[in-house]
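The values are calculated or read from the model by the stated rules, or taken from the named source; none is laboratory data. Computed from a prediction, not measured in an experiment: that's the story for all the values here. Cβ placement follows ideal geometry from the backbone for every residue including glycine, while neighbour counts extend to all protein chains displayed. Areas reflect the complete protein model, heavy atoms only, side chains present, ligands, DNA and RNA absent. Shrake-Rupley method; radii C 1.70, N 1.55, O 1.52, S 1.80 Å.
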Amino acid sequence: MTYDFDTIVDRRNTGSLKWDVKDNELPMWVADMDFQAAPEIRQALEERMRHGVFGYSIIPEDWEKAYISWWKRRHNLDIDPSWLTFCTGVVPAISSTVRKLTTPNENVLIQTPVYNIFFNSIINNGRRVLESPLAYDGQKYCIDFEALEEKLADPQTSLMILCNPHNPVGQIWDKETLARIGELCWKHHVVVLSDEIHCDITDPGKEYIPFASVSEHCRENSITCIAPTKAFNIAGLQTAAIMAPNANLHHKIWRALNTDEVAEPNAFAIAATVAAFNKGEAWLEELRQYLFSNKQMVLKFFEKNLPQIHILPSEATYLLWLDCSKITDDTNELTDRIREKTGLYLSAGEQFGGNGKRFIRFNIACPKATLEDGLNRLLKALS
């Protein structure tokens, strides 16, 4: 490999949310990676820093061109620059969209188990969470379309938040599935907010499909959150984009983001984004290979040592969803015991809704030596 993903970088005492833990603890919970950002991104940031003046920033044309080029090259989607609006992050974009496109006490539909912060963006804004749980057959998840349509048909349901690819399940929704969601939402006048932040972290040979690319109804009735932050491990730089092809929706979201004061970049956000999309492709390709090999390492370890735990098939993200139903029906208690006994800090699944109480989310985006340490701690705890 050209790039180094094996070196362990000490993140303790750096103000890291993930690593704000006791000295003996190993955090493998929140979704950020323990790899340094691509050298090309760091170089761009160093050049910006050396300039020494960090005043207010504009959104230059280079920013739009970087997104447009990347999505055309990587995802076969033609983006018009008028569709894009800068935002400081996907979560602020989701919260702004909830406030702008819904009214208090209306339903916002989510397919659980799903990214837990979706709940916050809905509840904290006085809206109702409407869960449409994914159907689980003991091996994998799929969408229960009959239940989904019933909930979309409720006149109180005005927005659906789609996770594409899906966190924590790790599933890439195929074109047929996305098209069916799009038609149901169009039929029942429900706008789709598609969170596609994990779209570039797919297994080698696997490709996600942008929701807006599937059909005219999907394009005209959707808002998409995209960003380089998850794939290139630069979430702390607070940079993302909202894509809304429909002019009316675009104007509403542009107005919402500016009203909420989350539409202006900091001094480093633009440089990092442009460098990631224009110069980071080779690094990303090696990262995807490394993450895939980490997945294989985990699968072999569980097959040999922990066969009672089922790892769901994962095509995207670096988050594995572990079915622990053969050993517990309460992973809150289980993850607490694991942490207390070994220091391994994992995410209990109940916070993701649906049937998550029997699951654990496991972040494997780390050097192999760290991953081996985590696996051995888990084995020790469960033994």
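Here are the numbers for this structure:
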{"quantity": "Pair list, Cβ under 7 Å, 6 or more apart: region 185-211 residue among the basic types (K, R), other residue modelled with pLDDT of 95 or more and open to solvent by 10 Å² or more (accessible area, probe 1.4 Å)", "calculated": "K206/I172; K206/E315"}
{"quantity": "Test: residue in region 63-83 that is in a loop (DSSP other than H, G, I, E, B) and of a type in the set (S, T, Y)", "calculated": "no"}
{"quantity": "Residues within region 305-322 that are over 21 Å from N376 (Cβ atoms) and over 20 Å from the mean Cα position of the chain (by Cα), tallied", "calculated": "0"}
{"quantity": "Tabulated pairs, region 98-112, first over 17 Å from S132 (Cα atoms) and outside any loop (DSSP other than H, G, I, E, B), second among the basic types (K, R) and at pLDDT below 95, C-beta under 8 angstrom, 6+ apart or interchain", "calculated": "none"}
{"quantity": "Tally, over region 17-29, of residues that are in a loop (DSSP other than H, G, I, E, B), in contact (Cβ under 8 Å) with a residue 12 or more places away in the chain and within 30 Å of E285 (Cβ to Cβ)", "calculated": "4"}
{"quantity": "Members of region 251-287 that are in a helix (DSSP H, G or I) and touching a strand residue (DSSP E or B) at 6+ places or on another chain (Cβ under 7 Å)", "calculated": "I253, W254, L257"}
{"quantity": "Candidate set: region 1-24, residues that are touching a helix residue (DSSP H, G or I) at 6+ places or on another chain (Cβ under 7 Å) and at pLDDT 95 or above; chosen: the one surrounded by the most Cβ atoms within 10 Å (Cβ to Cβ)", "calculated": "F5"}
{"quantity": "Identity of the residue in region 25-44, over 24 Å from the mean Cα position of the chain (by Cα) and open to solvent by less than 60 Å² (accessible area, probe 1.4 Å), that ends up farthest from R288 (Cα to Cα)", "calculated": "E25"}
{"quantity": "Any hit, region 220-232, residues being among the β-branched types (V, I, T), under 22 Å from I41 (Cα atoms), in contact with a helix residue (DSSP H, G or I) (Cβ under 6 Å, 6 or more places away or on another chain) and surrounded by 18 or more Cβ atoms within 10 Å (Cβ to Cβ)", "calculated": "yes"}
{"quantity": "Failed condition for H251, given (1) over 27 Å from T103 (Cβ atoms); (2) without any contact (Cβ under 8 Å) to a residue 60 or more places away in the chain; (3) open to solvent by 20 Å² or more (accessible area, probe 1.4 Å)", "calculated": "(1)"}
{"quantity": "Test: M49 is surrounded by 21 or more Cβ atoms within 10 Å (Cβ to Cβ), more than 21 Å from T224 (Cβ to Cβ) and aliphatic (A, V, I, L, M)", "calculated": "no"}
{"quantity": "S325 being in contact with a His (Cβ under 9 Å, 6 or more places away or on another chain), outside any helix (DSSP H, G or I), closer than 22 Å to F362 by Cβ and of a type in the set (S, T, N, Q)", "calculated": "yes"}
{"quantity": "Residues within region 150-175 that are farther than 21 Å from F362 by Cβ, buried (at least 16 other Cβ atoms within 10 Å of the Cβ) and of a type outside the set (S, T, N, Q), tallied", "calculated": "7"}
{"quantity": "Segments classed as helices (runs of 4 or more DSSP H), wholly inside region 113-198, with at least 1 members that are among the basic types (K, R)", "calculated": "145-152, 175-187"}
{"quantity": "Members of region 212-235 found to be in contact (Cβ under 8 Å) with a residue 40 or more places away in the chain and either assigned to a helix (DSSP H, G or I) or not hydrophobic (A, V, I, L, M, F, W, C) (or both), listed by number", "calculated": "A212, S213, C218, S222, P228, T229, K230, A231, F232, N233, A235"}
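This table checks each residue for (1) of a type in the set (G, A, S); (2) out of contact with any helix residue (DSSP H, G or I) (no Cβ under 8 Å at 6 or more places or on another chain); (3) free of Cβ contacts under 8 Å to residues at least 40 places away in the same chain; (4) farther than 18 Å from P104 by Cα.
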| residue | (1), (2), (3), (4) |
| --- | --- |
| R128 | no, no, yes, no |
| D137 | no, yes, yes, yes |
| E150 | no, yes, yes, yes |
| D154 | no, yes, no, no |
| I161 | no, no, no, no |
| Q171 | no, yes, no, yes |
